[in-house]
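What follows is a set of notes on a single structure, which appears directly below.
The values are calculated or read from the model by the stated rules, or taken from the named source; none is laboratory data. Keep in mind that this is a model prediction, so the values were computed, not measured. Here the Cβ positions follow ideal geometry from the backbone for every residue, glycine too, while neighbour counts run over all protein chains shown.
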């Protein structure tokens, strides 16, 4: 298995952040190493990419980006998980507790097939970090190819 940690700078705003390019680069490199006999995949560039966010307040989505779906997702999350004072987990910025509930809706991991060294995503699918936590500016994402 090949694994690597990337960082995503989210700033002080909630958002949906595209990870697809970083995932594609990682998989291409990992699949090429696997073909050369290094651990990960089956040696033919086939395997699985696991994306994991080791944070209690962020999640992942496989979603179409750039068409407004990302804004729609944030809008739905704002309705389901409002940034108000109802949350028992109440430290940090107003509504911070919702960020701790969000991973129950958008899990912190996703697995995508890799075929011939390429992500086997659908035509309009992208891999995205979803972060409602405005208190953290940098997120780490663990990519693993096996």
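What the table shows:
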quantity	calculated
Unmet requirement for residue 22, which otherwise passes all of (1) surrounded by 14 or more Cβ atoms within 10 Å (Cβ to Cβ); (2) touching a strand residue (DSSP E or B) at 6+ places or on another chain (Cβ under 7 Å); (3) modelled with pLDDT under 95	(3)
Total residues in segment 23-63, condition without any contact (Cβ under 8 Å) to a residue 40 or more places away in the chain and within 30 Å of residue 99 (Cα to Cα)	1
Residue among 76, 112 that alone is more than 19 Å from residue 12 (Cα to Cα) and within 16 Å of the chain's Cα centre (by Cα)	112
Single condition residue 109 does not satisfy, out of (1) modelled with pLDDT of 95 or more; (2) surrounded by fewer than 15 Cβ atoms within 10 Å (Cβ to Cβ); (3) over 22 Å from residue 7 (Cα atoms)	(3)
Residue in segment 116-127 that is surrounded by fewer than 16 Cβ atoms within 10 Å (Cβ to Cβ) and assigned to a strand (DSSP E or B) present	yes
Filter result for residue 141 (under 30 Å from residue 36 (Cα atoms), touching a helix residue (DSSP H, G or I) at 6+ places or on another chain (Cβ under 7 Å) and in contact (Cβ under 8 Å) with a residue 12 or more places away in the chain)	no
Some residue of segment 85-100 being at pLDDT 95 or above and touching a strand residue (DSSP E or B) at 6+ places or on another chain (Cβ under 9 Å)	no
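Here's the yes/no breakdown for (1) out of contact with any helix residue (DSSP H, G or I) (no Cβ under 9 Å at 6 or more places or on another chain); (2) surrounded by 14 or more Cβ atoms within 10 Å (Cβ to Cβ):
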site: 5; (1), (2): yes, no
site: 11; (1), (2): yes, no
site: 14; (1), (2): no, yes
site: 30; (1), (2): yes, yes
site: 56; (1), (2): no, no
site: 63; (1), (2): no, yes
site: 76; (1), (2): yes, no
site: 83; (1), (2): no, yes
site: 98; (1), (2): no, yes
